[in-house]
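Each value in this text was obtained by applying a stated rule to the coordinates, not by laboratory testing. Please read all numbers here as calculations on a predicted model, not as lab measurements. Cβ atoms come from the backbone with ideal geometry, glycine included; neighbour counts cover every protein chain shown.
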Amino acid sequence: MVEVIIANITWGESRAVINVLTLYLHSVILRGVIFIETPAEITFADCMAIARKRGEICIGIKVEALELDASCNYGVDLIPEKNTRFALQPADCLVVLAEDEF
């Protein structure tokens, strides 16, 4: 898995504050905990709420069934409209920003 590190450097009280977030693909079932009962049809807004409960920021969806289809961006849909509906399966992932992978 490729991880992308995003760093945000801000200045506060004469010192630099570095906030680091990592881009992850987290399965809808993570380490045995079911976050989304699958198969399920849910909106992107629902996905954002689920990620927020895990302390993450959801920025997209990766649909495993489309990962070989170039015309569908290899199954990755970043920043869809909040009312976009997805029919998620157990192997699908949320694309999230998180401080630490758990």
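From least to most packed, judged by other beta carbons within 10 angstrom and beginning with the fewest, V96, V76, V63 follow the order V76, V63, V96.
Taking amide H as placed 1.01 Å from N in the peptide plane, the amide H of D92 sits under 5 Å from that of V28, E64, each at least 5 places away or on another chain.
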